[in-house]
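The structure appears below as structure tokens.
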Amino acid sequence: MLLAVLVASLASATPAPVASAAPGLEPLRRAYGAAVGRVALWRRAREREDAPPFGHLATSQVGYAPRMQKRFTSPRPFTSFEVVRESDGAVAFRGGPPVRAVGTDLLGATRTVWIGDFSPLAEPGRYRVVLDGGLASHPFGVGREVFDPAVRAVQRWFYYQRAFTAVEAPWAEGPWTHPSDAAKAPPGVRKGWHDAGDFSIYNAPLATALFWMLAAYDDFAPSDDATHVPESGNGAPDLLDEARWGLEWLVSVQDAATGGFASTTCQDRYARYGENTHASVPPYRAGEVGTLATARAVGTLAFAAAVFDRRDPGFAARCLAAARRGYAYLEARPGEASDGPSCPAYRRDGDAEVGRHVRMYAAAGMLRATGERRFAADFERASIASWADPDYHHVAAFAARLYLRAPAGDPARKQALRERFRALAQEVRVAADAHPFELAARYQWGSISAALHRAGASSAWACVDAGGRGEDCDRALAPIHYALGRNYLQLCYVTGLPGVTRGVRRVFHHWLATLRAEPPVFPGALAGGPNPRPDPRDVSYPQARPRPIWGYFGDPAFPRDDATPIEGRYTENDSWSTNETAADWQGAALYGLHLAQWLARRADAP
């Protein structure tokens, strides 16, 4: 991630018809490169893929459970609408005027939108919404199993991102394969996931993804052992098998001498974009040990020990032993917030606030796993007075959730934490009511993930703790519906889902760009989403070889400028600032989809 400088430096090369060592021919080389670029721009403009925004009613393109709230957003007012069955054109539901109108400055010239509700429709089937004026939605499904393919695909993303192993048939289920790069790992390092479109493995996003995966099992206990990964059929849920792949990397990067954990397994030397494979990259470098990475690893491994204890006591004991050694490393370095310089995309060396967040998380995890009261005292010493949305640095919300699930936690402290979560859930309700797609949004790099984290760490937990009932469940599902199509561009931001009319087909991704497969991306990848401030370096290089690079700026297939509405600041190309994919984003999406699946399968689900 954050590969702006890398992309800019590697994309600038142009093809040369003569040896570049001949300085007198340099003008010819440059002229040739410019001509190649002009041809690429002309061809790209003829292939324009950017559909008019808000050309349909905005609904999820995947669909809804029978008893789930079902809403759409319209760019124009209406007096009535119909929900029409796709198979025979029959009207399955008739609705009246909007339930409300929402003013907005996110959609350019569209300053007001209108919200329709068709929640009473419960008959399983495939439908579309049609207004009295003729404007219609893309088709979507209604059924108890409607989220199953999305859960499977988003979870299998982690298989495709596995490090230090081959991704191969039959489990790849398509052309997205590569040989093992295990021989390039530092001594003793194994498994883990390539973080994003690059090859490095980072402690911060990997630990965040693992938190969401472990929380999904903790809250919903999914049992699917047939998602077609190599471990399928072994009697353990595939979700836990995949989580174990990430946990094994954490254990493998623990320093034998000190008990601390490394921040990364680093790959920072790349060829041009479109020329990098697992076979071609140089050996990886081991990252440095520090307290920030160690505290994240301790909290995650302790959480894993609690989750795995009932299914695999031996692995749980191994996780807890590693966590205890890591905790001793932290205790020997009170107040330190160290983070090494290798592959520094996530580095926060010296950041005392992040240091408190992660120590709070480590203490909560150990309290959950062991029941030892000393960890409750450490939780209080590290505690952040006021915290909000979690991310890969700010994990106090994760810590609070673990504390609430720890039997040895102080009842009064638990009550205060519950009140904080209730306040955050109320903030989500207020923000969602003011948004055109009823989303509690955070517009930034990775905006869809930010919304998933915000609702996931407030509304979703309120929904779960209430037994799957209440308004918080609707708010928790809003970012899922948004990611699956209820948005300004009418895009499903997850690749390769069945039944989707208009979905993302490309993401920024080094080895997929080199593979040139069709489809270009494996199923289940969540794109970053609209970014109000795309990086100015995220530009197009039409003259680049072996293939043109189409960034956020300068792509004639997706023209964008300062006048583009915030909700439209996304391009489905090689844009790393709007269209990369990342482990922590996938983790939050996977938790949200498991919540949706859990609600859909409940007989009394809202």
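Things worth noting here:
- Within the range 228-248, the set of residues being more than 19 Å from the chain's Cα centre (by Cα) and of a type outside the set (D, E, K, R) comprises 228, 229, 230, 232, 233, 234, 235, 236, 237.
- Scanning the range 470-498 for residues that are in a loop (DSSP other than H, G, I, E, B) and closer than 25 Å to residue 108 by Cβ gives 484, 485, 486, 487, 488, 489, 490, 491, 493.
- In the set 501, 564, 571, only one residue is under 24 Å from residue 436 (Cα atoms), of a type in the set (S, T, N, Q), outside any strand (DSSP E or B) and touching a Ser or Thr at 6+ places or on another chain (Cβ under 8 Å); that residue is 571.
- Of the residues making up the range 365-389, those that are in a loop (DSSP other than H, G, I, E, B), surrounded by fewer than 19 Cβ atoms within 10 Å (Cβ to Cβ), touching a helix residue (DSSP H, G or I) at 6+ places or on another chain (Cβ under 9 Å) and of a type in the set (Gly, Ala, Ser) are 386, 388.
- Yes/no for residue 406 being in a loop (DSSP other than H, G, I, E, B), more than 25 Å from the chain's Cα centre (by Cα), touching a residue at least 12 places away in the same chain (Cβ under 8 Å) and surrounded by 16 or more Cβ atoms within 10 Å (Cβ to Cβ): yes
- Checked against (1) in contact with a Phe, Trp or Tyr (Cβ under 9 Å, 6 or more places away or on another chain); (2) farther than 26 Å from residue 487 by Cβ, residue 153 meets all criteria but (2).
- Scanning the range 245-276 for residues that are more than 28 Å from residue 349 (Cβ to Cβ) and surrounded by fewer than 20 Cβ atoms within 10 Å (Cβ to Cβ) yields 271, 275.
- Any hit, the range 552-569, residues being outside the structural domain of residue 446 (by TED's automatic domain parsing), free of Cβ contacts under 8 Å to residues at least 12 places away in the same chain and farther than 20 Å from residue 139 by Cα: yes
- Extreme residue, nearest to the chain's Cα centre (by Cα), among residues of the range 179-214 that are of a type in the set (Gly, Ala, Ser) and within 12 Å of residue 392 (Cα to Cα): 209
- Test for residue 337: is it without any contact (Cβ under 8 Å) to a residue 60 or more places away in the chain, under 29 Å from residue 283 (Cα atoms) and either surrounded by 14 or more Cβ atoms within 10 Å (Cβ to Cβ) or in contact with a helix residue (DSSP H, G or I) (Cβ under 7 Å, 6 or more places away or on another chain) (or both): yes
- A residue that is in contact with a strand residue (DSSP E or B) (Cβ under 6 Å, 6 or more places away or on another chain) and acidic (Asp, Glu) occurs somewhere in the range 565-578.
- Residue identified as closer than 15 Å to residue 535 by Cα and either modelled with pLDDT of 95 or more or buried (at least 20 other Cβ atoms within 10 Å of the Cβ) (or both) among 584, 574: 574
- Elements of type strands (runs of 3 or more DSSP E) contained in the range 76-152, each with 2 or more residues being surrounded by 17 or more Cβ atoms within 10 Å (Cβ to Cβ) and either hydrophobic (A, V, I, L, M, F, W, C) or outside the structural domain of residue 593 (by TED's automatic domain parsing) (or both): 81-85, 91-95, 112-117, 125-131, 140-142
- Test: residue in the range 241-259 that is on the phi > 0 side of the Ramachandran plot, assigned to a loop (DSSP other than H, G, I, E, B) and in the same structural domain as residue 395 (by TED's automatic domain parsing): yes
- The range 293-343 - residue that is in a loop (DSSP other than H, G, I, E, B) and small (Gly, Ala, Ser) and, of those, farthest from the chain's Cα centre (by Cα): 332
The values are calculated or read from the model by the stated rules, or taken from the named source; none is laboratory data. What you are looking at is a predicted structure, and each value in this text was computed from that prediction instead of being measured. Note that each Cβ is placed from the backbone with ideal geometry, even for glycine, and that neighbours are counted across all protein chains shown.
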